[in-house]
Amino acid sequence: MKRSFINKLKSTLLILGLGIGAFQANAVSVSPQMIEQFKQLPVSEQRRLAQQYGIDPSMLGGDSSSSQGIQQPKQPVVQPRPPAESAAVSPSASAVSAKEEQSLKPFGYDLFAGQPTTFAPVSDIPVPADYRIGPGDSINVQLYGKESKRFTLVVDRLGNVQIPDMEPVTVIGMTYGELKEAIQSFVAEKMIGQSAHISMGELRSVRIFVAGDAYNPGSYTVSSLSTVSQALFVAGGLKTIGSLRNIQVKRAGNLVATFDVYDLLMRGDASGDVRLQSGDVVFIPPVGDTVSVTGEVLRPAIYELKGSETMADIVAMAGGVKPGAYPAASIVERYGEDYLKEIIQVNLTSKQDRNQKAKGGDTLVVRSTSALANDSITLLGQVTRPGQYQWTPGIRISDIVASVSADLTWNAETDMALVVRQKNIQGDIEVLGVDLLDAISKKSSEKDLILKPNDKLIVFADRDEALDRRDLGEFFAKVKQDQTLQQVAQQNYQQLEDQQLAELDNNKRLSSVAGVAVTESIAAEEQKQKDLALANLMLLGLFNQPKLISLSDEMTRRELLFPVMAKLQSQARSSVRSEEVSVTGDVRYPDNYPLIKGAAVADLIELAGGLKESAYLPNAELSRSYYDNTEGMRVQHWNIDLTKAMEGDKTQNLMLASRDRLNVLTKPSWATNETVEIRGEVRFPGTYIIQRGETLSEVVKRAGGFTDYAYLYGAVFTRESMKKQEALEIKRVTNSLRKEIANRTLSQQGTFASVADTDAMLAQLEQVQPVGRLVIDLESLMQTSKADDFRVEAGDLLYIPPMRQVVSVMGEVQHATAHRYDGSLSLDDYMRMSGNTTQRADDSRTYVVRADGSVMLPEDSYWFGSAQQLKPGDTVIVPLDTNYKDNLTLWSQVTNIIYNSAVALSALNVL
């Protein structure tokens with residue numbers, strides 16, 4: 001078939017009248033059958049035909065490589081290794097831990113980690129001058145001079161080439177350079193007037209063997225230009241137990257070369273990558289001793305030793321140390337003569353330790369340096385450029401914060417800033433207070449403190465509620481995705497939260513006392529508690545994390561102080577009390593605060609953001625607890641005149657001690673514009689400011705009294721405290737129902753609602769919104785006797801509706817609707833007008849909701865009495881009979897009882 005196709009192709013070329021070498025692919029018309037046959041030919045044969053006839057193989061659907069210019073050699077098509085090939089380390093290698101051992105990989109094996117599907121001969125690259133000629137090589141000879149000829153000569157098995165009309169020339173063993181000189185000399189001597197141009201054609205293939213710990217050892221046919229590294233690619237690389245540093249090339253049983261792959265990978269030295277000859281054996285011995293390098297190096301991995309490497313050589317293999325490394329504290333883990341692991345300290349900055357010999361099984365750990373910036377100043381909070389700054393001797397606050405407008409934000413508090421300073425080698429801290437405005441305006445004065453290395457300057461926000469915290473929120477959302485960090489935060493939550501801080505935390509406030517609502521419940525949900533624990537853990541590293549430092553201008557006063565308070569609590573000892581104080585009452589930010597060195601009462605007030613308008617200045621209470629060996633824990637109190645204390649009177653501005661607590665009282669009868677609202681049928685509806693002790697009737701008079709259309713009997717009055725009490729009662733009832741349903745399900749027989757239905761019902765009950773309505777008799781209240789009048793509270797709401805001339809009938813009636821009020825009609829009349837009750841109605845529990853909010857139970861014997869008379873706006877409610885059973889359900893139960901009885905009687909008759 002091949003010969004037939006070639007003959008047809010030659011015939012086509014001759015018919016078209018095209019000379020050899022001038023053939024253009026786009027001018028040839030070849031049948032589809034010829035193209036298919038051409039595709040089925042071997043690649044080498046396609047190339048030979050294309051070269052002989054000047055055809056571009058891509059035009060015939062064959063080889064797609066271009067014939068113009070120098071073609072790049074085809075590389076092996078490599079597939080990834082199957083996952084079964086393990087990257088296990090040799091038995092002599094060790095690691096720091098099991099986890100690190102799994103993460104470290106032997107160096108260099110990934111270069112050859114593949115499984116080639118083909119290996120095309122390298123025949124289109126320039127042949128080097130030292131290439132040895134052998135049987136099967138093709139030599140192109142171009143004669144020019146008085147006659148132009150072209151020959152393709154093939155070296156025969158005897159090593160000769162036959163030039164037409166001349167004797168054979170022996171070329172075997174010659175280099176390519178020697179071959180050109182020999183043929184050119186031969187042509188010049190034998191053919192007068194002729195010169196020769198010599199080039200290599202198709203190169204021979206050689207057969208080699210890859211043995212040892214190769215991935216696919218065996219015999220391979222490769223190009224005569226192939227080297228050791230290409231042979232490794234052909235064999236799919238090495239197993240991880242094979243040596244990369246002692247690959248041997250054996251020829252006729254003799255070792256002729258050794259290839260160290262590390263020279264190629266680390267230094268780009270390919271001198272050991274020798275060219276292979278036919279019959280060569282590439283032998284891969286087992287890997288030698290290895291060392292593991294981990295930690296702060298550029299290329300942590302497992303490296304093979306060659307016998308004389310030092311610690312410096314090992315570090316160089318790993319690419320050197322990273323900028324964050326601390327090489328002086330490196331260690332080597334080594335197995336001693338007793339087969340036990342020992343730790344050896346290695347100072348990689350010392351020449352002696354760097355020259356220390358490495359041993360097989362060593363693990364070199366290059367540790368990292370401290371994350372703390374040495375000799376720096378950290379600026380946090382409401383500053384324009386938070387971050388770390390260089391410390392220099394004599395530097396002051398005004399050198400870091402030189403201008404209020406340029407270096408501080410608009411929300412910065414300038415009366416009190418803090419300097420957190422390390423006071424001993426153990427890392428204990430002390431806190432200094434700074435009047436930032438005085439420090440900036442009075443440069444180089446006592447107010448302008450001289451800073452020390454590693455000081456932290458914290459500038460608070462004047463108004464925490466004005467902070468734009470979006471960037472901080474995005475950062476925290478990313479941190480929340482770390483599940484491991486969340487678990488650590490939850491475990492450490494109790495250690496991070498101080499008891500006094502917890503008492504002041506809004507999430508810890510009581511929502512009721514003895515079942516009476518005292519404040520709105522704001523207890524955090526479980527997820528919020530987890531978020532709080534994670535935030536606390538994150539804030540502990542505030543001073544050491546550049547990202548958190550850059551976001552400190554979005555943090556509140558408490559968040560900025562959290563790492564300070566945690567450090568003060570941790571450095572407390574049995575003989576040293578925690579240097580913290582607290583302030584409660586009418587200050588802007590009541591909380592726990594660090595005890596400023598030399599601080600007095602006025603300093604604590606400034607640290608808490610200052611006094612509120614409602615603060616009672618003549619008298620505040622300072623409490624100090626101390627331990628007496630005889631009487632135990634004692635508490636001492638002082639009354640403080642805050643006016644004098646803020647003016648600097650030392651008799652009132654007392655010095656603070658550890659665990660002091662300042663309570664700033666509220667002015668008696670203080671109220672900040674407490675209001676009530678009146679809606680509906682009054683002359684001037686709206687919101688009115690009240691004073692303490694003012695009654696409802698007085699507020700109504702201020703609203704201009706009632707209009708002519710006011711329906712006082714239907715007035716609606718709501719109170720915020722009643723809403724809180726109702727919410728607490730709804731929660732209590734829900735819990736009671738949940739327990740009762742559970743008890744009935746366990747203790748009684750019968751059919752009950754499913755768990756899902758019960759949960760849905762209870763969830764619906766919990767969603768009921770409290771109204772907070774208080775039943776009042778507005779007509780009696782507005783009388784001159786004032787017997788029914790009462791005092792209003794902040795948030796009260798009074799609504800006076802217009803006259804309602806309707807009576808509503810709701811619930812289990814045939815047609816629930818509203819009817820026009822008629823004083824002559826009775827309850828039965830309104831019921832008949834609504835079609836009377838349904839079969840599911842519980843007539844005995846019918847009740848009336850009065851327009852004033854009260855509930856009336858009708859009495860049959862006195863129904864037509866004045867007290868029982870319906871009024872405009874009343875609503876009649878007919879409830880559902882919960883024990884109702886329809887006829888079908890009742891009959892099925894009766895049938896079931898009869899059937900069970902019949903079965904029992906039948907059993908008795910059998911007996």
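In this simple spin-label model, placing a label point 7 Å from the Cα along the Cα-to-Cβ direction at both residue 815 and residue 359 gives a separation of 10.5 nm. Annotation: aspartates and glutamates with alpha-carbon distance below 13 angstrom to residue 306 (same-chain offsets under eight excluded): 260, 263, 289.
Taking Cβ atoms as reference points and 11 Å as the exclusive limit, the residues near residue 263 contribute a net charge of 0, counting Lys and Arg as +1 and Asp and Glu as -1.
The spacing between the stretch 330-376 and the stretch 610-627, judged by their C-alpha centroids, is 59 Å.
Within the assembled protein chains, the solvent-accessible surface assigned to residue 684 is about 120 Å², based on a 1.4 Å probe.
Taking a ≥ b ≥ c as the square roots of the eigenvalues of the alpha carbon gyration tensor, the stretch 121-264 is prolate, as a/c is not under 1.5 and a/b beats b/c. Given a 1.4 Å probe and the protein chains as shown, residue 612 ends up with an accessible area of around 100 Å². Segment residue 757..residue 111, full-extension length gain: 226.1 nm, with 0.36 nm per residue of separation and the alpha-carbon distance subtracted. Using the average count of surrounding beta-carbon atoms within 10 Å as a protection proxy, the listed peptides 759-766, 668-675 rank, highest first, as 759-766, 668-675.
Over all other residues within a Cβ to Cβ distance under 11 Å of residue 383, the charged ones net out to -1, with Lys and Arg as +1 and Asp and Glu as -1. Given the pairs 423/447; 452/612; 478/597; 442/597, which span a C-alpha to C-alpha distance of over 31 angstrom in this model? Among 423/447; 452/612; 478/597; 442/597, the Cα-Cα distance tops 31 Å for 452/612; 478/597. Other residues with beta-carbon under 15 Å from the beta-carbon of residue 666 carry, at +1 per Lys or Arg and -1 per Asp or Glu, a net charge of 0.
Go through 634-640, 245-251 and give me the packing order, highest mean Cβ count within 10 Å leading.
Highest mean packing first, the order is 245-251, 634-640.
Cross-link reach is defined here as a Cα-Cα straight distance under 13 Å, omitting same-chain residues fewer than 8 places apart; for residue 190 the aspartates and glutamates meeting it are 165, 167. Of the residues 476, 460, the one with the largest accessible area comes first in the ranking 476, 460, computed with a 1.4 Å probe on protein heavy atoms. Using a probe of 1.4 Å on the protein chains alone, the accessible area found for residue 707 is around 40 Å². Within the straight-line cut-off of under 16 Å between alpha carbons, the aspartates and glutamates reachable from residue 667 are 586, 613, 621, 641, sequence neighbours fewer than 8 places apart in one chain being disregarded.
The values are calculated or read from the model by the stated rules, or taken from the named source; none is laboratory data. Model, not experiment: these values are computed from the prediction. Cβ: placed from backbone, ideal geometry, glycine included. Neighbour counts: every protein chain shown. Only protein heavy atoms, including side chains, enter the accessible area calculation; ligands, DNA and RNA are left aside. Shrake-Rupley method; radii C 1.70, N 1.55, O 1.52, S 1.80 Å.
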